[in-house]
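Comments concern the structure below.
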Amino acid sequence: MEVAIKKIEYSELIHMFDSLDTGLVYIGGEWCNNCSDVLNLVKDIAKKHNIDTIYNYDPVFINVYGEKEDLRDCKSLEIKLKYYAIVEKSGFKSKELVKDTLIPKIHVPFYMAIKNGTCQGYYTIELYKDNGILHELNSNIDKTEEFKEKMDELLSKLEIKDRKF
């Protein structure tokens, strides 16, 4: 079984909550080295849990002025409301806030397990891959096994007996 990455738009992400869907959502994009460094490992772990699709929401979009913008920057009221909806539905908490707001700042990659329309948990950590190991910036401590354990724990929350995704 090959694990597919299915790109979804903001409306599809919100629809997953509203329509009581189940799945693993990864927020990030190809522009993010941290996301690319761990994605194949996440796909391997997902395969172990019989998950054949990972939903990818990329928060970077082209705004009405034709410029690249990141939803997480909250540059307008409309964007703040959209971003806040993701934060609220995921239950994400952080002491780091988006500039000039009281909204927690999500870093990518951000993985959340949605089961029956409810976020069962999330995991986010910025890791870099060098010489086959994952580590945090300016550190040489191998975080690969820790990452695998955390993702395994997150994906186990999606398991439904006698059902394949």
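The values are calculated or read from the model by the stated rules, or taken from the named source; none is laboratory data. Note that the coordinates shown come from a computational prediction; the quantities given were computed from them, not determined experimentally. Methodologically, a virtual Cβ is constructed for each residue, glycine included, from the backbone with ideal geometry; neighbour enumeration extends over all protein chains shown.
Across the range 1-56, which residue is farthest from LEU134 (Cα to Cα) among those that are surrounded by fewer than 16 Cβ atoms within 10 Å (Cβ to Cβ), in contact with a strand residue (DSSP E or B) (Cβ under 9 Å, 6 or more places away or on another chain) and of a type in the set (S, T, N, Q)?
THR53
Of these, VAL38, VAL25, which one is at pLDDT 95 or above, in contact with a helix residue (DSSP H, G or I) (Cβ under 9 Å, 6 or more places away or on another chain) and under 27 Å from LEU137 (Cβ atoms)?
Values: VAL38 fails: at pLDDT 95 or above.
Unique residue meeting the criteria: VAL25.
State yes or no: is LEU71 out of contact with any Pro (no Cβ under 9 Å at 6 or more places or on another chain), among the hydrophobic types (A, V, I, L, M, F, W, C) and either surrounded by 17 or more Cβ atoms within 10 Å (Cβ to Cβ) or free of Cβ contacts under 8 Å to residues at least 60 places away in the same chain (or both)? Working first, answer last.
Details: out of contact with any Pro (no Cβ under 9 Å at 6 or more places or on another chain): no; among the hydrophobic types (A, V, I, L, M, F, W, C): yes; either surrounded by 17 or more Cβ atoms within 10 Å (Cβ to Cβ) or free of Cβ contacts under 8 Å to residues at least 60 places away in the same chain (or both): yes.
No: the conditions fail for LEU71.
If you check THR144 against the conditions, is it under 18 Å from LYS43 (Cβ atoms) and hydroxyl-bearing (Ser, Thr, Tyr)? Give the steps one after another, and end with the answer.
Numbers: under 18 Å from LYS43 (Cβ atoms): yes; hydroxyl-bearing (Ser, Thr, Tyr): yes.
Considered against the rule, which asks whether it is under 18 Å from LYS43 (Cβ atoms) and hydroxyl-bearing (Ser, Thr, Tyr), THR144 comes out as yes.
So which of LEU77, LEU97, LEU81 ends up being free of Cβ contacts under 8 Å to residues at least 40 places away in the same chain and loosely packed, with under 10 Cβ neighbours inside 10 Å? Break it down into steps so the answer makes sense when it comes.
Details: LEU97 fails: loosely packed, with under 10 Cβ neighbours inside 10 Å; LEU81 fails: loosely packed, with under 10 Cβ neighbours inside 10 Å.
After applying the criteria, what remains is LEU77.
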